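What follows is one structure encoded as structure tokens, with my remarks underneath.
The numbers here are math on the coordinates, done by the rules we state, and not lab data. From a predicted model like this one, the values you see are computed outputs, not experimental measurements. For neighbour counting, all protein chains shown are included, and Cβ atoms are generated from backbone atoms with ideal geometry for every residue, glycine included.
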Amino acid sequence: MKGLIIVEYLNFLEVEYDYNLVDKVIESSNLPDGGAFTTVGSYHYSQMFNLVSNTSRITERTIDDLFFEFGKFIFQAFVMDHSQFFSSANSSFDISRSLD
């Protein structure tokens, strides 16, 4: 799992809720590095799963709902930060097809 995705997930939680929730989720996830992620790092997928599972438990939102909302959030972040990849796309499916 790319660190960029995990960092954006934590940003999503901070925007959607607040930093206190981010802290609770990280603390309850028992992560190997204590929740220190970099955007350029690579991490085992289980760390993301732990974060989302604990978010679901704490907020009482389903995992499906969290991923759906996070998907909208991260797509907007990608459009803002990497607009050159979106200028010729007609849909999100065009973007998905162009990714390696």
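Here are a few things to note about the model shown:
- Rg and Dmax of the chain, both derived from C-alpha coordinates alone, stand at 14.3, 42 Å.
- Here the scattering of the range 35-79 is modelled by Debye summation over its C-alpha atoms, one equal scatterer each and no solvent; at q = 0.18, 0.23, 0.27 Å⁻¹ the log10 of I(q)/I(0) is -0.65, -0.96, -1.07.
- Dipole axis of the chain (+1 Lys, Arg; -1 Asp, Glu on Cβ), positive-most option in Gly41, Tyr19, Phe93: Phe93
- The chain: most fluctuating residue of Asp23, Asp81, Asp64 per GNM, C-alpha cutoff 10 Å: Asp81
- Rounded to 10°, Cα long-axis angle of helix 19-28 versus longest principal axis of the chain: 70 degrees
- Value at 222 nm in deg cm²/dmol, rounded to 500, when DSSP H runs of n ≥ 4 in the chain each add -39,500 (n - 2.57): -20500 deg cm²/dmol
- Across the chain, Cα pairs under 8 Å and at least six residues apart give a relative contact order of 28 percent.
- Cα-based helix-to-principal-axis angle, 45-59 vs the chain, degrees rounded to 10: 70 degrees
- Nearest-0.05 FRET efficiency for Ser96 and Thr39, computed from C-beta distance (R0 25 Å): 0.75
- Dipole magnitude of the chain about its Cα centre (Cβ charges: Lys, Arg +1; Asp, Glu -1), debye to nearest 20: 200 debye
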